[in-house]
Structure formats: structure tokens, C-alpha cells
Amino acid sequence: MNALGTLLLFPGGLALLLVALLAEWISRKLLARLQNRVGPRWFQPLADTVKLLAKEEVIPEGVHRVLFEFLPVLSLAAVLTAALAVPLFGVVPATSYAGDLIVTVYLLSLLTLCTSLAGLITDDRYAAMGGLRVLSQLFSYEAPFLLALLGPAVAAESWQITRITAHAGSNVWMLFTQPVGFVVAVIGLMGKLELSPFDAPEAHTEIVAGSLTEYSGRGLALFRLSRNVALVVGLTLVAALYLGGVSDPLAFAVKTLALLLVITTVQALFARLRIDQTIGLWWHYGVLLALGQWFLILIGKGAA
Amino acid sequence: MTAMKIEQAWNNALAGVALWARTNSPWVLHFNTGSCNGCDIELLAALTPRYDAERLGVKLQASPRQADILICTGPVTRQARDRLLRIYEQMPEPRFVIALGSCALSCGVFHDCYNVVGPLDRFIPVDVYVPGCPPRPEAIIYGVIELLKKLHPVDVILEGGSA
Ligand code: SF4
């Protein structure tokens, strides 16, 4: 019973979905305020989702029907599973095992893969283009993002999220000991969520709506929801690893919100990068920075 | 008997929720059927920070599959007719259409042009007409709100958030 509650109500399932919608609202509202607008009302993401769920779902000609309907469900399932191992809202995660950091990161990548495949299975050339861009972007930010998240893991000498957060909680914030890793992790998270300036995969002015061009109704709603959940999971992960653990739920919520503020501000500051610029940026600077950070940590560990 | 009543109440509640969501999240798609670009500029102005249609939930979508409201500007030209029908048919139900500007209403200054095949409502059903050459952004937003009011028996759209 208790386990079921954890899965369906708090901190997994329902609470997570509501917080994900709230996070979308906060981000959109902040963006609007930064652009000198009033911005959406607080229930806007909920209304969008419900409306999409109540709309007709068009299955276009020439797609693999089963895959077309299954991909959104799979991506939502993947991010909800990823949420099980991270300390959402600062409470103890539902599961914890050696190596869950890697599993979480790859479950988050499953969302990206599903998005890409969603574009590639249709006949639509815009969607196919979007799908390809999603994939090329995935290959560019994935390695640096993973390296940046492994920095704290190496420092804590464990691959288990709870151990790393415990280590982070009892030491100086890793933001200060590994500043480069933090920057790479935050920017990598933005790449993962396809937020501007890394929104080339869904560039409205170029390729309609990217890989989700053919999705309407329920499928689109599920994809949007999973992206919001991924936002919350990613923020939680980075905040827990880099901003000093999860000892105090209230302080943790503030830290996560602050991180969301940073991400939204970066979003408002920069224009979209071309896909080749994105890849160049990550492989020229992101990977090198993350690797350099890693060597420094290893040397520090060896010296200590 | 009671089971039927409960089912009906449940369906009513569901319909109410769907209506609430629909009236609060109108995503628009803009299609130029042959406009002189005047109306298009005004429509874009209505989406800029000054008027900020996002406070009503209005969002410009790029894909017909994801839009609820099709906003058409200009008279329908021979070239645009087939595309117009195709875009309209690509939109998922429920879908609505707003005709923007005198040209979409009656062909305006392009009346009787050799390449113009008629006003918008000759080809697809139109829900709201916004006159003007071109209509001001306020008029466009007003048109969207009139459309949302039409969906709703009671006038509750603007109460949700004065923001
Ligand atoms: S109504 Fe006026 S502004 Fe609009 S398309 Fe016609 S001529 Fe141009």
C-alpha cells in the first residue's frame, strides 16, 4: 500500500505530474516577465494538457500505427521511472541501488530517443528533419552532460545517487569545488530539454514543429508532459548533486527554483544556435571542459 | 436507472472540464490565403509583448495538427485554395476558423481579380469574422475572445485570470 502510494501519489506519479505542470508555468511566466510581458495564467499548462487530451488524435497516413501511439507512452513511462531514483522534493527516493545515476541519465535519454523516433517514423519531411536534428544534438550534449554528472560521483566515490547526495550534503557545495562541471551540467540539461538556445530540433521558423509535427491530441499531450517531468527530474538531479545535497526539503525547493530561474534567464538571453553550432560548441568546449574538470578531480583525489 | 444518471453526470462533468480547457487554451495557426501582408503584420503585432496574447493562453503553433483555431488573412486565391482545404482538413477536431480582414470577408480591394476565387467562407466554414483593412490587434484579440465566448454558454472566459 505504502509503496503504491509512493508510486502513484507522492513523490512519484500525481504529485510529480502536477509539479511538472507548475514548473512549466513558472518557466513560461518568468520568460514572459523577462520579455516584458504579462505571461500565462497559473493554470495554463494544465488547460493545455487537458485540451490536448480531449482533442481528436489524427493518425497520419504512412506511419507505423502501433509505434506512433506507443512512443509518447514509452517516453512518459521512461521519465516517470527516472524520477524514482532521484530525491524529488528532497525526500528519500523510492529506489536506490548501485549505479542508479547512470540508469537515470539513460532513462532521461530515452525521452529524447522517443522524440526523435516519433519524427522519423512519419512520412513528413519536416518531422524527419526534426528527428535527425534531435539525434545529432543528442550525440553532442550527451557525453559532456554525463561527464559533468560523473564529477560529483567520482568525488563521492559512488555511482549511487543517495550516496552522492549524502556526500554533497556533508561537504562544501560542489558548485564551488567543481564550477566547470556545474556549468556544463546546467547547459547540458538545457540541451537535453531542447530549450532555447538549443531548440534547433523544433525550430518553428524552419521546420514547423520538428519531430512532433504530426502529433496531435493525446500523443502531443504525453510528449509535453514527459518533457516537463524530465525538466523537474533534471533540475532535481543537478540541484542535489551540485547544490549541497537534500538535507532540508524547503532549502532544496528554493535551490531547485533558483536553478529554474537560471535556466529560464539563459533561455531568454540567447538566440537559437544552428545545429552545427550546437555540435561544435559541445565538442569543442563542453567535452574538453568536462574532461579537464574530471582530471583535476582525479589529481585532487590522488593527492589527498 | 441510477447507473445511467451517474454516467450522465460523469459525462457532463467531463464535457465541462474539456470545455474549460478548450476555452482557456486556444492555439492558433496563421495562414495567408492571399493577403497583401497588412493583416499578417497586425496579427503578428497581436502576438508581440505589447498585446501579449499568451495571457489568454493564445499560442502560435506552426503545425496544423497542433492548432485549434485557423486564422486566415486575405482573399482566397486560385493557388491558395487547395492548400487551404488541405490545411483545414489536417487540423484535428474540434477546429475553428477566424476570417481576418475585409479581404477574407468579402475579397475587399481584390474583388473580381482574375486570380481570386472568392472570400474565405465559400470554401471552409467560418466561425468569427473580424472586419478591418487591416484590423487592429485589439480587434483580433477581441475576435478570438468572441469565438471563445461562442463555445461557452456563460461568459466566464476572462474571469479566470486578470493577471
Ligand atoms: S484586408 Fe486590407 S490589409 Fe488585409 S489583406 Fe486585405 S487589403 Fe491587405
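The values are calculated or read from the model by the stated rules, or taken from the named source; none is laboratory data. Since the model is a prediction, treat every value here as computed from it, not as a measurement. Backbone-built Cβ (ideal geometry, glycine too); neighbour counts: all protein chains shown. The area values use the complete protein model at the heavy-atom level, side chains included, leaving out ligands, DNA and RNA. Shrake-Rupley method; radii C 1.70, N 1.55, O 1.52, S 1.80 Å.
Data overview
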quantity: At R0 = 51 Å, FRET efficiency that the Cβ-Cβ distance of A:Ala251 and B:Leu44 yields, to 0.05; calculated: 0.70
quantity: Karplus (6.51, -1.76, 1.60) ³J(HN,Hα), θ = phi - 60°, over the stretch A:249-256, in Hz, Gly and Pro reported as x; calculated: x, 5, 4, 5, 4, 4, 4, 5
quantity: Peptides ranked, highest mean first, by Cβ atoms within 10 Å: ranges A:106-118, A:271-283; calculated: A:106-118, A:271-283
quantity: Inter-site label distance for B:His152 and B:Lys5 at 7 Å from Cα along Cβ, in nm; calculated: 3.0
quantity: Cα point-scatterer Debye curve for the stretch A:2-303, base-10 log of I(q)/I(0) at q = 0.08, 0.09, 0.13 Å⁻¹; calculated: -0.34, -0.43, -0.92
quantity: Vicinal HN-Hα couplings computed from phi for the stretch A:58-72 (Karplus, 6.51 cos²θ - 1.76 cosθ + 1.60; Hz; Gly/Pro x); calculated: 8, 9, x, 5, x, 9, 6, 4, 4, 4, 4, 7, 7, 4, x
quantity: Residue order for A:Trp25, A:Trp42 - accessible surface, 1.4 angstrom probe, largest first; calculated: A:Trp42, A:Trp25
quantity: Cα→Cβ-extended label distance, 7 Å offset, between A:Arg125 and A:Val66, nm; calculated: 3.1
quantity: Restraint check, A:Lys29/B:Lys150; A:Lys51/B:Lys59; A:Lys51/B:Lys150; A:Lys29/A:Lys55, Cα-Cα greater than 19 Å; calculated: A:Lys29/B:Lys150; A:Lys29/A:Lys55
quantity: Between 0 and 90°, nearest 10: helix B:2-24 axis offset from chain B longest Cα axis; calculated: 40
quantity: A:Ala77 versus B:Glu93: modelled label distance in nm, points set 7 Å from Cα along the beta carbon direction; calculated: 3.0
quantity: Partner chain coverage, peptide A:29-36 - average Cβ within 10 angstrom; calculated: 2
quantity: Diffusion coefficient, µm² s⁻¹, Stokes-Einstein with Kirkwood Rh over alpha-carbon pairs of the stretch A:64-110 at 37 °C and 0.692 mPa s; calculated: 283
quantity: Over the stretch A:1-136, equivalent-ellipsoid semi-axes from the Cα gyration tensor in Å; calculated: 27, 23, 16
quantity: Reference-scaled alpha-carbon Rg (2.2 N^0.38 Å with N residues) for chain B; calculated: 1.14
quantity: The stretch A:122-168: C-alpha gyration tensor shape, a/c 1.5 cut-off, then a/b vs b/c; calculated: prolate
quantity: Largest to smallest principal axis extent of the C-alpha atoms in the stretch B:4-58, angstrom; calculated: 55, 26, 9
quantity: Longest exposed-site-free window of chain A, the sites being GluC sites (Glu not before Pro) in a DSSP loop that have at most 15 other C-beta atoms within 10 Å; calculated: A:158-304
